[in-house]
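Input: a single structure, listed below in structure tokens.
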Amino acid sequence: MIHIAVVEDDRNYQEQIAEYLNRYQEEFSIEIETSVFEDGKKIVEHYRPYYDIILMDIEMPNMDGMKAAKKIREIDSEVMIIFITNMARYAIKGYEVKALDFVLKPINYFLFSLKMENAIKMLKRREAKSILLTTENSIKKVNTSDIYYIEVMRHDLYFHTIDGVIKQQGSLKEIEQVLAGEPFKRCNNCYLVNLRYVTGIMQNTVMVAGEPLQMSRPKKKEFMQAVADYIGGIK
């Protein structure tokens, strides 16, 4: 499933973009989940790195699209941002926030679908690797990008994912080796965190997908550096 946020203050354009996305997923048999925000401030509040693509208007009340994109980039370096604007000159500023593309208003479906096709192709190329998890009753294939964090209790691992918690026997050391090269880092001896979902750090607490996890003193400096490197685009 592809998660898309539409940030647009004009109700008519909200409806048109939603209609175009429905049409696109029917034509190309792609499952899309759409969330709509009325302005930049709405999406920035409580933002977490969940979306694959953000379709962002530029001229909006409260917080314009460019300012919202800059704030989003502070915590999410991977989401694809496509600006929607009626003034081409604004699109040039998109490079400041690493925008993928822009769509000019009024929106033409054919051109819109081309932009979507390009974005989805890029998503597939950078798709995270998958791992197989063995539970008591089944074997599940899970994308590493869908894992919020991994918790160890005694001899069991608990994978906290977008689709719920999956339990498997094992150790954090073993799963660290499996996830080598992926953006995961320990914040203490009990948690292995996907840096993509870190939304804040307060003293000895790290917020991961809305959940507070404790950082240990020995791990804190190294963990915070890993978060800074990840946000800065150093993988």
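The values are calculated or read from the model by the stated rules, or taken from the named source; none is laboratory data. All figures in this text were calculated on a predicted structure; none of them were measured in a lab. Neighbour counts run over all protein chains shown; Cβ positions are idealised from the backbone, glycine included.
Restricting attention to region 7-25, does a residue exist that is within 16 Å of the chain's Cα centre (by Cα) and hydrophobic (A, V, I, L, M, F, W, C)?
yes
Screening the candidates ALA119, ALA5 for the property of being surrounded by 21 or more Cβ atoms within 10 Å (Cβ to Cβ) and touching a residue at least 40 places away in the same chain (Cβ under 8 Å) yields one hit, ALA5. Against the numbered list (1) under 30 Å from ILE81 (Cα atoms); (2) outside the structural domain of GLN14 (by TED's automatic domain parsing), SER113 comes up short only at (2). Within the option set GLU33, GLU15, GLU26, GLU96, being without any contact (Cβ under 8 Å) to a residue 60 or more places away in the chain and closer than 28 Å to PRO212 by Cα holds for one residue only, GLU33.
Would you check if there is a residue in region 15-33 being small (Gly, Ala, Ser), touching a helix residue (DSSP H, G or I) at 6+ places or on another chain (Cβ under 8 Å) and either buried (at least 18 other Cβ atoms within 10 Å of the Cβ) or more than 22 Å from TYR197 (Cβ to Cβ) (or both)?
There is no residue in region 15-33 that is small (Gly, Ala, Ser), touching a helix residue (DSSP H, G or I) at 6+ places or on another chain (Cβ under 8 Å) and either buried (at least 18 other Cβ atoms within 10 Å of the Cβ) or more than 22 Å from TYR197 (Cβ to Cβ) (or both).
If you filter region 94-109 down to residues that are loosely packed, with under 15 Cβ neighbours inside 10 Å and over 19 Å from LEU21 (Cβ atoms), you find that the one that is modelled with the lowest pLDDT is TYR95. Scanning region 195-232 for residues being under 14 Å from the mean Cα position of the chain (by Cα) and on the phi > 0 side of the Ramachandran plot gives a total of 2. Hey, can you tell me all the residues within region 156-194 that are closer than 18 Å to GLU136 by Cα and within 16 Å of the chain's Cα centre (by Cα)? Those that are closer than 18 Å to GLU136 by Cα and within 16 Å of the chain's Cα centre (by Cα): HIS160, THR161, ASP163. Scanning region 26-55 for residues that are within 15 Å of the chain's Cα centre (by Cα) and at pLDDT 95 or above turns up ILE32, GLU33, THR34, SER35, ILE43, VAL44, ILE53, ILE54, LEU55.
Of all the listed residues (MET80, MET60), the sole one being over 21 Å from the mean Cα position of the chain (by Cα), buried (at least 19 other Cβ atoms within 10 Å of the Cβ) and not assigned by TED's automatic domain parsing to the domain that holds ILE150 is MET60. Among the residues of region 36-57, the ones that are aromatic (Phe, Trp, Tyr), crowded, with 18+ Cβ neighbours inside 10 Å and either in contact with a Leu (Cβ under 7 Å, 6 or more places away or on another chain) or touching a residue at least 40 places away in the same chain (Cβ under 8 Å) (or both) come to 2 in all.
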